[in-house]
Amino acid sequence: MKEMRNSITAVQHVAGTMLRAGIYCIIILAIHCTRASAQESPRSRFDSIQHVDEVVVTSRYNHKEVIPSQTLTGEQLEKLSTHSVADALRYFSGLQLKDYGGVGGIKTVNIRSMGTNHLGISYDGIELGNAQNGQIDLGQFSLDNVEEITLFNGQKSAILQPASDFGHAGAVYIRTRAPRFADGRPYNLRFKAKYGSSDMFRFSALWEQRLSRKVSSSLSAEVLTASGKYKFRYLRKKQDGTVAYDTTATRENGDIWAVRAEGNLHGMTDGGFWKFKVYTYNSERGIPGAIVNNVWRRGERQWDHNFFTQGRWQQSFGERFTTQWVAKYAYYDTRYVNRDTTLMQVDNTYRQQELYVSTSNVYNITSQWSVSLSYDLRWNKLNGDQRLFAFPSRLSHYAALATALDLGWLKAQGSVLGTFAKDHVRRGKAQDALGEWTPAVFVNVYPLPSRHLSLRAYAKKSFRLPTFNDLYYTDMGNAALEPEAALQYNGGLSYDRQWTRGWLRYFHLQADVYYNSVHNKIVAYPKGQQFRWTMLNLGRVHIRGIDVETELTLVPVRHLLVTGRLQYTYQDARDVTSERDSYYRHQIPYIPWHSGSAIVNIQYRGFDLNYSFIYAGERYNQQENIKYNYMQPWYTSDLSLSYSFALRRMQLRATLEVNNVFSQDYDVILNYPMPKRNYGITLDVKI
């Protein structure tokens, strides 16, 4: 414990030093820019050619896409009390977030109750992978340099995409900021510092530089430290309803230290563009563990070192042919240690490697009809220091043929994906070679001449390969597993309208009704021996749901802008594996029947007030829907107030936020209590 306190004290000292250093840097840069501004006379500025700031034109009309999507822009993300990509995804309908609590808690997400592995996550157009367990910890990705996050159900509304992107049941696309320069200035600088509850300190910096007329670069870096301590109430009742434990305590061993750095090169060509990225993330964190029978587990720690480099090139040749090439190399190093004397002592290190190459090609047969052919090659390898480790590697091939039709009143897209994989192991038996073809059809119709209303439908088959943990985890894996398949059917509508006058300026409504069926669901099943489990294809789940999203923009008076966003999800996800099971046709664990979110933003001159609300209804934490496994609904309200102002050549924004305003006690995952009311203050400086 003394060692832990010394570590936290050292972290706080480093945080304080970096905060002072950051402030000094901001002051020095401000003085430098002020002097430069003073030395530049108005006459000298207008004697040369002036450059207008680059403008990126995007459409707000989601109904122009064939496939239903939801989007949060960088401006919207700044106003929410969100720190990572996982926090932002809570505001999308149809997604379920698993959050183990705290700043450094692991955060994963699944789409429409089909599981985490059926959701693809792409970072600047290239998928993030994890062959070991298929789960991406989205808490590792900051929002400070993100320009847009988009969720697609089914797949992306484009046929120019990597072949493997056609294979997911849903996809999240994270797009980072592309450099833009104003008034002919060759650089942009941005500094952001935040301090909050749980001794959380976050400092990030962004430097964008124009290297030539068509080439620019960006470098972003971020450091995060926190003790992870927060107050919580632990209340548990016996089966007869009497109170077993009712304690107020402090969450321990939730500390984190993390550093992220990302460098980008952006280039334009005649008829195309290219991008090159280098990304690294290093962290050390404590894992508080579950609280069971009023016992706190504190012996787990994890170290992560993630690195990847990727490149993307897209070029059009004339009006008919466009090609895209992408390549990526990734290396992930994870060390997990458990020193808890009440459990098995563990000190394991895992090292993953991934090599990925893809080519996508589109040919426009006519102005209304196009076809594409894509091919991906992916190689994964996992090393570990466990006893009898299998040392698996996998070579995967993906080939996709797609077509798109645009008749104005009718948009349609169809695709078929072939996936073929072969594993090799150093010990044990490798899974047999796998091959699967998965088709998809999407249709969007505009029944009215104004095209404000659109009607859509799609049907898709997708599947996910078993992960290395599923197949080869010591004493648990099963090399005979079949792929987990999903069938998706969706019907929906979208209505969009904009006005240039009056108090109502924008209105958007979209609703989707869907049915999903998951077959050969991979589950852990006891072998019959104590402490011995294996992975089997036992599960079958039927999912019926409704997603509704609405958004509006109001201008009641001059300078006052009010925006609102509301999402609602209904899901009935039943386990229909076997009639002999006691939980046959019960709701699967952690899926609420009702959930939703709301965002209200009010802007007046330099002030920005934002209120966000998240609700999750009743659910169960085990397969059997009995009283003992019941979890009550929970909700949180977050409030933030910002003020933006200019100081010479700097743009400053100060934000005060209060999260979980009503200090509700709740668990997203049973026995992992979430923070009560907490606070944060942020200073954002742009030069």
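The values are calculated or read from the model by the stated rules, or taken from the named source; none is laboratory data. Because the structure is a prediction, the values reported are computed rather than measured. Here the Cβ is made from the backbone with ideal geometry for all residues, glycine too, and neighbour counts use every protein chain on show. The area values use the complete protein model at the heavy-atom level, side chains included, leaving out ligands, DNA and RNA. Shrake-Rupley method; radii C 1.70, N 1.55, O 1.52, S 1.80 Å.
The table below lists the values:
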item: Which numbered condition Arg301 fails, given (1) more than 30 Å from Thr250 (Cβ to Cβ); (2) in a strand (DSSP E or B); result: (1)
item: Filtered residue count, segment 476-490, keeping only those that are open to solvent by less than 30 Å² (accessible area, probe 1.4 Å) and under 21 Å from Ala440 (Cα atoms); result: 6
item: Residue match in segment 123-143 (condition: of a type in the set (D, E, K, R) and at pLDDT 85 or above); result: yes
item: Residue within segment 171-181 that is open to solvent by less than 20 Å² (accessible area, probe 1.4 Å), under 30 Å from Tyr473 (Cα atoms) and modelled with pLDDT under 95 present; result: yes
item: Qualifying residue in segment 660-677 (condition: without any contact (Cβ under 8 Å) to a residue 60 or more places away in the chain and touching a Leu at 6+ places or on another chain (Cβ under 6 Å)); result: yes
item: Matching entry among Asn338, Asn348 (being buried (at least 17 other Cβ atoms within 10 Å of the Cβ) and at pLDDT below 95); result: Asn338
item: Test: residue in segment 332-347 that is closer than 17 Å to His424 by Cα and under 27 Å from the mean Cα position of the chain (by Cα); result: no
item: Count - residues of segment 198-220 that are in contact with a helix residue (DSSP H, G or I) (Cβ under 8 Å, 6 or more places away or on another chain) and among the small types (Gly, Ala, Ser); result: 1
item: Residues that are under 17 Å from Leu119 (Cβ atoms) and part of a loop (DSSP other than H, G, I, E, B), drawn from segment 440-497; result: Leu465, Pro466, Thr467, Pro483
item: Filter result (open to solvent by 30 Å² or more (accessible area, probe 1.4 Å) and over 29 Å from the mean Cα position of the chain (by Cα)) within segment 436-473; result: Val445, Pro447, Leu448, Pro449, Ser450, Arg451, His452, Leu453
item: Filtered residue count, segment 195-219, keeping only those that are part of a loop (DSSP other than H, G, I, E, B), free of Cβ contacts under 8 Å to residues at least 60 places away in the same chain and of a type in the set (Gly, Ala, Ser); result: 1
item: Count - residues of segment 494-507 that are more than 15 Å from Glu551 (Cβ to Cβ) and either polar (S, T, N, Q) or open to solvent by 50 Å² or more (accessible area, probe 1.4 Å) (or both); result: 3
item: Verdict on Thr248 being touching a residue at least 12 places away in the same chain (Cβ under 8 Å) and either open to solvent by less than 20 Å² (accessible area, probe 1.4 Å) or touching a Lys or Arg at 6+ places or on another chain (Cβ under 6 Å) (or both); result: yes
item: Positions within segment 620-647 being open to solvent by 40 Å² or more (accessible area, probe 1.4 Å), in a loop (DSSP other than H, G, I, E, B) and either under 19 Å from Ser597 (Cα atoms) or polar (S, T, N, Q) (or both), in sequence order; result: Gln622, Gln623, Gln632, Pro633
item: Selection from segment 113-126 of residues that are touching a Ser or Thr at 6+ places or on another chain (Cβ under 6 Å) and not β-branched (Val, Ile, Thr); result: Asp124
item: Answer from Ile591, Ile599, Ile614 - the residue that is over 24 Å from Ser640 (Cβ atoms) and open to solvent by less than 40 Å² (accessible area, probe 1.4 Å); result: Ile591
item: Pair list, Cβ < 6 Å and 6+ apart or interchain, from segment 444-458 residues that are under 10 Å from Leu410 (Cβ atoms) to residues that are open to solvent by 50 Å² or more (accessible area, probe 1.4 Å); result: Val445/Leu455; Tyr446/Trp409
item: Matching entry among Arg387, Arg427 (being open to solvent by 10 Å² or more (accessible area, probe 1.4 Å), under 20 Å from Asn133 (Cα atoms) and touching a residue at least 40 places away in the same chain (Cβ under 8 Å)); result: Arg387
item: Criterion (in contact (Cβ under 8 Å) with a residue 40 or more places away in the chain, in contact with a strand residue (DSSP E or B) (Cβ under 6 Å, 6 or more places away or on another chain) and assigned to a strand (DSSP E or B)) met by exactly one of Tyr329, Tyr281; result: Tyr281
item: Residue list for segment 633-647, restricted to those being more than 23 Å from the chain's Cα centre (by Cα) and over 26 Å from Tyr570 (Cα atoms); result: Leu641, Ser642, Tyr643, Ser644, Phe645, Ala646, Leu647
item: Residue check for Met650: under 30 Å from Ile687 (Cα atoms), more than 25 Å from the chain's Cα centre (by Cα) and surrounded by 14 or more Cβ atoms within 10 Å (Cβ to Cβ); result: yes
item: Total residues in segment 368-410, condition among the aromatic types (Phe, Trp, Tyr) and part of a strand (DSSP E or B); result: 4
item: Residue among Leu151, Leu138 that alone is over 30 Å from Arg213 (Cβ atoms), open to solvent by less than 10 Å² (accessible area, probe 1.4 Å) and either free of Cβ contacts under 8 Å to residues at least 60 places away in the same chain or out of contact with any Ser or Thr (no Cβ under 9 Å at 6 or more places or on another chain) (or both); result: Leu138
item: Meets criteria (assigned to a loop (DSSP other than H, G, I, E, B), aliphatic (A, V, I, L, M) and modelled with pLDDT of 90 or more) for Val685; result: no
